[in-house]
Amino acid sequence: MFDLIVQNASLPDGRTGMTIAVKDGRIAAVAAAFDGVAVNTIDAAGQLVSPPFVDSHFHMDATLSYGLPRVNQSGTLLEGIELWGELKPDLTVAAIRERAEKLCHWAIARGTLAIRSHVDVCDPRLLAVEALLAVRERFKKVIDLQLVAFPQDGLLRSPAAMENLTRALDMGVDVVGGIPHFERTMDQGAESIRRLCELAANRGLMVDMHCDESDDPWSRHIETLAFHTQRLGLHGRVTGSHLTSMHSMDNYYVSKLLPLMAEAQVNAVANPLINITLQGRQDTYPKRRGMTRVKELLAAGVNVAFGHDCVMDPWYSFGSHDMLEVAHMGLHVAQMTGTEEIRRIFDAVTINGARLLGLEDYGMEPGCRADMIVLQAGDVHEAIRLRPARLFVIRRGNVIATTPPVVSRLSLEGEKKVDVDFRHSR
C-alpha cells in the first residue's frame, strides 16, 4: 500500500503517461505502467508534474514592504536603497515576521518550496535575522528556507558589519554573503571577498555574494570570487548573484572569465525581473538589457539558476512570487527560445537552484523526496507560456495546496458556450 499515487503524469524531461508512487515521504517508483494501491490517488490527466520551484535569490526581510515609509516614485535602485535606509529605524521583529510569513504562504501556493533569502546584517539589532530564523523554524516542514548573512551596506564600508555578520552566523544563518561592488574602492571590494571566503572556509559554509550588480564593464569582482574559490577549495559551494556587469564586458575578457568560473565550479544567479528593471537606467539608446550572459554561462558549463529577488518592496513594486514569471522574463531577455533552451530555462527555476542550495534527494526519480507540483499545463513550454495554476502542491507526499483549474466560459449570442483555458493541443 502506497501513501500516494499520481497517475498519467507528464514529466519535465518529456516522458508522458507516467505513474509516480509515494511511500513514507519519498518517491518509491516512477513507471509508464504500474499496478498499485494507495491511500490517495491523483489523476494528473496528462498534466505536467514537476519537482517544486526553487527561488535561488530573494530578500525576505524587505518583502511586502511596498509603500513603507513611502512609495519609490522613480522606481530606481538608488531610491530603493534610500527608502530601505528610512524604513530600517522603524523595523520590528513582529512586522518583518508577519510580512515574511505571508510571503511564504504565497510561495507555497505557487509551488515554490525552496528559497534562499539574503538577510541584512548591517543593523546591529539583527532584527531581521531574528525574525527570519523564526520564520525558517515555523515553515521548516514545508519550505527549505536558507538564509544568507548579507552586509547590505558593505562589509568594510559599514561599521561593525563583520562583527554583525559573524553574530548572525552564530545565531544559525546558513550562508556567508557579501556585496563587493558596493565597497568604496575596487581594492576594498576584493579585500571583502578574501575575508568573507576565508570565514566561510573556516566554518565549512557556502558563499553567496551580490557580485558586480552594475553596468560597469570594469566591475570584475566575479574574477576575484572565482580565484578565492579555487584557492580555498570551495568548489561548488560559492555563488555569484546578479553578475550584471557581465552584459557590458567585452567578449574577449568574457572568453577568459567563463572558463575560470567553470573551473572553480562557481554557481551563477540571474534575477531577470529585477535585472531588466534596474540596470541600464542611465542609457539612452541603444539600451543594455541588464541581465548577465545566461546562455553563454550555461554553454560554458556553469550552473545557472534564477531568483525572484524582490516582491513588492522598496526596489520592485510588482510580483506574486511566481517563479514561472521569472522564467518567462528570463527566456525572453536571454533570447533562449530554442526547444532545448526552453527546457534549460525551466531547469533554472528547478533543478539548477536545488543544486545551488545543496538540496539533497531533489527530483522526480525513485528515492527522491516526494515534493512535487501538478501544473495546469502539458509540458515545460506550455508551463512557461501560461504560468498556469498549480493544481496540487505536494510536500513529502502530502497535498499542502490546491487550486481549481482556471477556465473562462464564453457565452456568445447564438453560439454554444465555449470554455477557454489557453491550451493548444499539438
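Rank by packing, highest mean first: peptides 28-37, 144-153, 53-62, with packing defined as the count of other Cβ atoms within 10 Å averaged across residues. Can you show the working numbers first?
Values: 28-37: 12.9, 144-153: 25.5, 53-62: 28.3.
My ranking of the peptides, most packed first, is 53-62, 144-153, 28-37.
Once every DSSP H run of n ≥ 4 in the chain is given -39500 (n - 2.57) and the sum is divided by its residues, what mean residue ellipticity at 222 nm do you get, rounded to the nearest 500 deg cm²/dmol? If you can, show how the numbers build up before the last one.
Numbers: 13 runs with 143 residues, N = 426.
Counting only the DSSP helices, I get -10000 deg cm²/dmol.
What part of the accessible area of the chain, given as a whole %, is carbon or sulfur when the probe is 1.4 angstrom?
Working: 9150 of 17770 Å².
Looking at the chain in its full context, I get 51 percent from C and S.
With every protein chain kept in place and ligands, DNA and RNA left out, what is the accessible area per residue of the range 134-264? Probe 1.4 Å, answer in Å². Don't skip to the answer; put the middle values down first.
Working: 5160 Å² over 131 residues.
With the other protein chains kept in place, the range 134-264 gives 39 Å² per residue.
Rounded to the nearest 0.05, what FRET efficiency do V39 and D419 have when you use their Cβ-Cβ distance and R0 = 25 Å? Numbers along the way, then the final one.
Working: r = 32 Å, r/R0 = 1.28.
Efficiency, from the Cβ-Cβ distance: 0.20.
Which shape class, rounded, prolate or oblate, goes with the range 149-243 when its Cα gyration tensor gives a ≥ b ≥ c as root eigenvalues, a/c under 1.5 marks rounded, and past that a/b bigger than b/c marks prolate?
Oblate.
What FRET efficiency, computed as 1/(1 + (r/R0)^6) with R0 = 45 Å and r the Cβ-Cβ distance, is obtained for D90 and E365, rounded to the nearest 0.05? Mind showing how you got there, number by number?
Working: r = 48 Å, r/R0 = 1.07.
Here the calculated transfer efficiency is 0.40.
Rounded to a whole number, what is D in µm²/s for the range 1-66 from Stokes-Einstein with the Kirkwood radius over alpha-carbon pairs (37 °C, 0.692 mPa s)?
Details: Rh = 13.6 Å.
In µm²/s, the coefficient is 242.
Points 7 angstrom from Cα along the Cβ direction at K256 and R138: gap in nanometres?
Placing both labels 7 Å along Cα→Cβ, they lie 5.0 nm apart.
Kindly express, to the nearest 10 degrees and within the range 0 to 90, the angle between helix 186-203's C-alpha long axis and the longest C-alpha principal axis of the chain.
60 degrees
Along its principal axes, what span do the Cα atoms of the range 197-267 show, with the longest given first and each in whole Å?
So the three principal-axis extents are 36, 21, 14 Å.
To the nearest 10 degrees, how steep is helix 221-232 against the longest Cα principal axis of the chain, on a 0 to 90 scale?
Once rounded, one gets 90 degrees.
So for each of 42-48, 200-206, 73-79 I average, over its residues, the number of other beta carbons within 10 Å; can you give me the resulting order with the highest mean first?
Values: 42-48: 19.0, 200-206: 15.9, 73-79: 13.6.
Final packing ranking: 42-48, 200-206, 73-79.
Before I look further, what does the range 289-426 give for accessible area per residue, probe 1.4 Å, in whole square angstrom?
On the way: 6300 Å² over 138 residues.
Result: 46 Å² per residue.
Could you please report the charge total around S411, scoring K, R as +1 and D, E as -1 over all other residues with beta-carbon less than 15 angstrom from its beta-carbon?
Details: positive: R409, K416, K417; negative: E413, E415, D419.
After counting each charged neighbour, the total is 0.
List the extent of the Cα atoms of the chain along each of their three principal axes, largest first, rounded to whole Å.
For the chain, the Cα spread along each principal axis is 65, 49, 45 Å.
Round to the nearest 0.05 the FRET efficiency obtained for A160 and A32 when R0 = 41 Å and r is the Cβ-Cβ distance.
Approximately 0.10, to the nearest 0.05.
List the equivalent ellipsoid semi-axes of the range 1-158 in whole Å, largest first, each obtained as the square root of 5λ for an eigenvalue λ of the Cα gyration tensor. Before the final figure, lay out the partial values.
Details: eigenvalues 350, 53, 35 Å².
Working from the Cα gyration tensor, I get semi-axes of 42, 16, 13 Å.
Residues with beta-carbon under 12 Å from that of N164, excluding N164: net charge, scoring Lys, Arg +1 and Asp, Glu -1? Can you show the working numbers first?
Working: positive: R125, R167; negative: D120, D123, D153, E163, D170.
Spelling it out: positives minus negatives among the neighbours equals -3.
Return the equivalent ellipsoid semi-axes of the range 225-330 as a descending list in whole Å, where each equals the square root of 5 times an eigenvalue of the C-alpha gyration tensor.
The equivalent ellipsoid of the range 225-330 has semi-axes of 25, 17, 11 Å.
Report, in degrees rounded to the nearest 10, the 0 to 90 angle that the Cα long axis of helix 339-348 makes with the longest principal axis of the chain.
Compared with the principal axis, the helix lies near 60 degrees.
Return an integer: the convex hull volume of the alpha-carbon atoms of the range 361-426, in Å³ per residue. Show your work: numbers first, answer last.
Working: hull volume 7.3 nm³, N = 66.
Spread over its residues, the Cα hull of the range 361-426 gives 110 Å³ apiece.
Taking N as the number of residues in the range 71-189, what value does Rg over Cα atoms divided by 2.2 N^0.38 Å take? All intermediate terms of the calculation are to be shown ahead of the outcome.
Values: Rg = 15.0 Å, N = 119, 2.2 N^0.38 = 13.5 Å.
Here the answer is 1.11, to two decimals.
Quote the accessible area belonging to W315 in square angstrom, nearest 10, computed with a 1.4 Å probe and with ligands, DNA and RNA left uncounted.
Counting only protein heavy atoms, the figure is 30 Å².
Could you tally the net charge around D216, taking each other residue with its Cβ under 14 Å from the Cβ of D216, Lys/Arg +1 and Asp/Glu -1? All intermediate terms of the calculation are to be shown ahead of the outcome.
Details: positive: R220, R281, R288; negative: E183, D212, E213, D215, E223, D250, D283.
Residues near D216 contribute -4 overall.
Based on Cα coordinates alone, diagonalise the gyration tensor for the range 269-426, multiply each eigenvalue by 5, take square roots, and list the semi-axes in whole Å, largest first.
Values: eigenvalues 167, 115, 51 Å².
Working through the eigenvalues yields semi-axes of 29, 24, 16 Å.
The values are calculated or read from the model by the stated rules, or taken from the named source; none is laboratory data. Every value quoted in this text rests on a predicted model; they were computed, and no experiment measured them. Cβ: placed from backbone, ideal geometry, glycine included. Neighbour counts: every protein chain shown. The area values use the complete protein model at the heavy-atom level, side chains included, leaving out ligands, DNA and RNA. Shrake-Rupley method; radii C 1.70, N 1.55, O 1.52, S 1.80 Å.
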